[in-house]
Amino acid sequence: MHSCEWEIENVYCSSIISSTADSKTNPENVCYPDIFLNFLNEGNGEKVPFWSSINNLLELVESVLDKENFTLEELLDEEEIIQECKALNSRLINFLRDRAQVELLLRYIVEEPPEDTENKRAFKFPFIACEIFTCEIDVIFKTLVEEDELMDLLFSFLEPNRPHSTLLAGYFSKVVVCLMLRRTVSLMNYVQAHQNVFRQLVDLIGITSIMEVLVRLVGADDHVYPNFMDVMQWLAESNLLEMIVDKLSPSSPPEVHANAAETLCAITRNAPSALATKLSSPSFVGRIFDHALEDSHSKSGLVHSLSVCISLLDPKRTVSSPFIQSIRSQHMYESHIPVNPETVGAMLPKLGKNGIYVVIDLSHHIEVVISSFGFFCQSCQI
C-alpha cells in the first residue's frame, strides 16, 4: 500500500475511534471526515462515505464481468482494472490470460492506431494494456512466452517497415524488460532462436526506450540472468557488439551516436565479462577510433567515440559482484578493474600526430567540444 493510502486509512481509523460510543451500535452516527465524503447523489445532496465510492468503482469491473457477452475494450475502459489485476481478481485474470485477449493486448502496444480513431484507442487502451503486462501476472506471461506467434507479434514492433512512435516504443520496452526480469530463460531462448532481433534493436538504438532494452539485454544494467556468464559468452560470440560499434559511424545522427556510446559504456562498466573483454580488445579499440577519425567534421561521432575509449580506461568501472557493489556503495572499499595493456597499446598510435591530434587540430573552427567526460579546448588544451 502506498504511503498516501496509509495516511488516508489512518485518518479514517482515527475518525472512527474518536466517534461516540453510540456509533458501535449505530454506524450511521459515525462522523466521517470531509475527505471521505463525496456528493455522489447530486439530486438530493446525500453524502456517501469515501470507501463506499471506491467500492462502487471496483464493482464496475465486476459488473462488466457479470455480463453474458463483454469485450476486452469494455474492461479497458474501466478505471479500476489495474487495481483489480494487482489484487489478482480471479475472474478478471482468467479472462485476460486467454490467448485471444493476450493477442489483443499486444496489438494495442505494437500497432499504431488508425488516423481517425478515437482517443481511447490511441492513448488510453495502449496505456492500460501495457500496465496489465507490467503487473507481472505469471499466467498472462505464461500464455505469452509459450506461444511463438504471440512473441513474434510482440517483436514485430521492431520491423523496419513499420512506424516506431516514441509512445509505443516506451510500452514495448516496458513489456520486454518485464519479460527479462520474470521470464528470463524463455525470452533468451526466443532471442537466441531469432537473432534478427539484434539487428532490429540496434537499427532503432536512436530511440531511447529501445536503447534501454539493449542495455538490459547485454546485462549492463543489472544481472537479471540466472546463467549470466553463459549469456555474456553467447552475446560475445554473436555480432551484436560489431553492430553497436558501427553505429558510431559519422553517417549516423547524433542521437544514435549518443545511445550507442551509452550502451557501450554500460558494457565496460560491467567488466569483467566476455562482452566487455571483446570490446576492450585491440581490434575493437581500432574500430572505434576508425569511426572517430573517419570524418573530421562529425563532432558528435568524435566526441561519443572518445567517450567509449575513456570509459575503457576509467579505473572506477563497476565490478560485477553485487557484494562488492554493495560494499563500494558504503565507501568502505575501492576497487577497480585493471586496464588491459593491449587496450592502451591499441590507443596510443591513434592519439599521435597521425591520429586524433590531427582531427582536433584541423577542427580549428570549433573552440570547445563538449563530451560527457569534460571539454576538449583548442586554445587551453584541456
The range 60-193 shape via C-alpha gyration tensor axes, a/c threshold 1.5: oblate
Using 0.36 nm per residue of separation minus the Cα-Cα distance, give me the extension gain between E118 and N227 in nm, one decimal. 34.7 nm
Label-point separation, E59 to D148 (7 Å along Cα→Cβ), nm: 4.9
Protection proxy ranking of 256-262, 174-180, 119-125 - average other beta-carbon atoms within 10 Å, highest first: 256-262, 174-180, 119-125
Grab the beta carbon distance between D314 and R182, set R0 = 35 Å, and tell me the FRET efficiency rounded to 0.05. 0.60
By per-residue mean of other Cβ atoms within 10 Å, what is the highest-first order of 200-207, 276-283? 200-207, 276-283
Inter-label distance, nm, simple model (7 Å from Cα along the C-beta direction), S238/F95: 3.8
Within the accessible area of the range 60-193 (1.4 Å probe), percent carbon and sulfur: 47
Student exercise, the range 69-202 dipole from Lys, Arg, Asp, Glu Cβ charges, in Debye to nearest 20: 540
Lys and Arg at +1, Asp and Glu at -1: neighbours of P113 with Cβ under 14 Å from its Cβ sum to -1
With each label point set 7 Å from Cα along the Cα-Cβ vector, what nm distance links L88 and E136? 1.4
Quick check on my link table: of K247/K278; K142/K174; K67/K142; K86/K174, which ones sit more than 19 Å apart, alpha carbon to alpha carbon? K67/K142
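The values are calculated or read from the model by the stated rules, or taken from the named source; none is laboratory data. For clarity, every value in this text was computed on a predicted model and none was experimentally measured. As a convention, Cβ positions derive from the backbone with ideal geometry for all residues, glycine included, and neighbour counts pool all protein chains shown. Accessible surface is based on the protein model in full, side chains and every heavy atom, while ligands, DNA and RNA are left aside. Shrake-Rupley method; radii C 1.70, N 1.55, O 1.52, S 1.80 Å.
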